[in-house]
Structures are given as structure tokens and as C-alpha cells.
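Visitor: Dropping a structure here in C-alpha cells format, bear with me for questions.
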């Protein structure tokens, strides 16, 4: 078993993936609720993202996890379904707008290894919740680990200054232990850092060739 208060690894900019697609679907009806259970970021919504925080729910259902957003008590950007849910193996749930600061870490929390100990982590991070009871009888599935890694790789490809992947427990050790000692952190780290490069779809790749095409004459719109 690992110590979740030490779960952390850094992302090397030289290894940043060029293409990392994510299969995600919005939880039904949650978009408006998420706006009320999140804040405007105080940092740039692209350049200001520095960390991904991994959580586990301590509950056994995605619906239970999503309910905290509808109640306006907390929020997180993605939710990874448990193995007994029909979405498991198919997609992860989007639960908060990435451009918003979700409420997943207390504002007073910080750690010197994470962006120099800067506070107000929600404003420069993204939060992932993995549905799991955090007991021995409810092991994290291989797909949950892979899906969490793919979320990280998606974010790493999208946000140029993303550097840290860290557990909730490391940031708030006095109050939180998630994703827990049973979470396979080293497997997640390996899946993120050693993940195979996704093949860029041909229709996307061919757009790069358009740069060598001589542009047509500029035009003006008369209003």
C-alpha cells in the first residue's frame, strides 16, 4: 500500500503529447449547476493551469458524487465511473467547465512541491474524481486508472504550463486521504508518462499541409 500524502509526479514539457483525445460526456443537466458551484479563475484559463488533482469519492456511485455539484457544495471537472456502472469502459463524465475554478481543494491548502507552495489551488488546477469506496472490496479497475491517465494526458496536451499531478491527500493531509492507499499511483504515473502517442487522425494531420498553400488575396467585408 502507498502513502497518499506523497502521491505526486511532475510532467516534463519535452514529453508533452501532441494529441490526446478524451471520450467524455456531460452529466445530464449539470452545466448550469456547475456554474453556480465554481468560480471565475484568477489566472488565465489556459496558460494558468499548473496542476491536476486526483480525488476518490469514498462513495459507490457517480450519481452520489455529482449530487454535491447540484447541491452547490463542491465541484470537480471530471468523474470516472465505477466498474458496476454502465458508462464504465465507455467514457468519463464532464462535470464542470474547464475554464472555471472548480471547488475541489480548500483555499488554504498548499504544498511546497506544487507550484512553489502557492495557495488558492482551485484557480490553477483541474480536478478528477474517481468513483470508489476506498475499501479493499472495491478495487480500482484497470479502466479507471487508464481513464484517469487519459484525462491527464488530454489536459497535458491542452494546457502548455501543466506541470504537476498530485493527490488530494498531499495537498490537505490533515483532512483528506484520497485517492487512498489502495489507489495504484505508480500505475497511473506509468500510464501518463509512458503512454503511447495517439495517432493524429488523417483529416487533422492534413490541415498542416495547408500552411504551404499560397493564400488567396485578402478581402474586406463592407458593412
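Every number in this text was worked out from the coordinates using simple rules, so none of it is lab data. Bear in mind the structure is a predicted one, so any value in this text is a computation, not a measurement. Reconstructed Cβ throughout: ideal geometry from the backbone, glycine too, with neighbour counts over all protein chains shown.
Visitor: Can you bin every Cα-Cα distance in the chain into 5 Å intervals starting at zero and give me the percent of pairs per bin, rounded to whole numbers?
Guide: Values per bin, smallest distances first: 1, 7, 14, 18, 20, 16, 10, 5, 4, 3, 2, 1, 0, 0.
Visitor: Given the -39500 (n - 2.57) contribution per DSSP H run of 4+ residues, what per-residue ellipticity at 222 nm results for the chain, rounded to the nearest 500 deg cm²/dmol?
Guide: -6000 deg cm²/dmol
Visitor: Still on this structure: List the residues of segment 83-103 whose backbone N lies under 20 Å from a point placed 7 Å from the Cα of residue 16 along the Cα-to-Cβ direction.
Guide: 98-100
Visitor: Continuing with this model, one more query. Please arrange 57, 190 by how many other C-beta atoms lie within 10 Å of their C-beta, fewest to most.
Guide: In order of increasing Cβ crowding within 10 Å: 190, 57.
Visitor: Could you check the spin-label model distance between residue 118 and residue 67? Points 7 Å from the Cα along Cα→Cβ, value in nm.
Guide: 3.6
Visitor: Counting other C-beta atoms within 10 Å, which of 6, 95 has the fewest, and how do the rest follow?
Guide: With the sparsest Cβ surroundings first, the list reads 6, 95.
Visitor: Please find the FRET efficiency linking residue 206 to residue 146, where r is the Cβ-Cβ separation and R0 is fixed at 35 Å, and quote it to the nearest 0.05.
Guide: 0.75
Visitor: Still on this structure, please answer the following. Could you tell me the relative contact order of segment 1-95? Use alpha-carbon pairs under 8 Å, at least six residues apart, and round to a whole percent.
Guide: Answer for segment 1-95 is 35 percent.
Visitor: Sort 26, 115, 156 by Cβ crowding within 10 Å, fewest neighbours at the top.
Guide: 26, 115, 156
Visitor: Compute the normalised compactness of segment 1-98: alpha-carbon radius of gyration over 2.2 N^0.38 Å, N being the residue count.
Guide: In units of the globular-protein estimate, segment 1-98 measures up at 1.20.
Visitor: Using Cα pairs closer than 8 Å and at least 6 residues apart in sequence, work out the relative contact order for segment 4-212, in percent.
Guide: 34
Visitor: Continuing with this model, one more query. Among DSSP beta bridges lying fully in the chain, give the percent that are antiparallel, nearest 5.
Guide: 35
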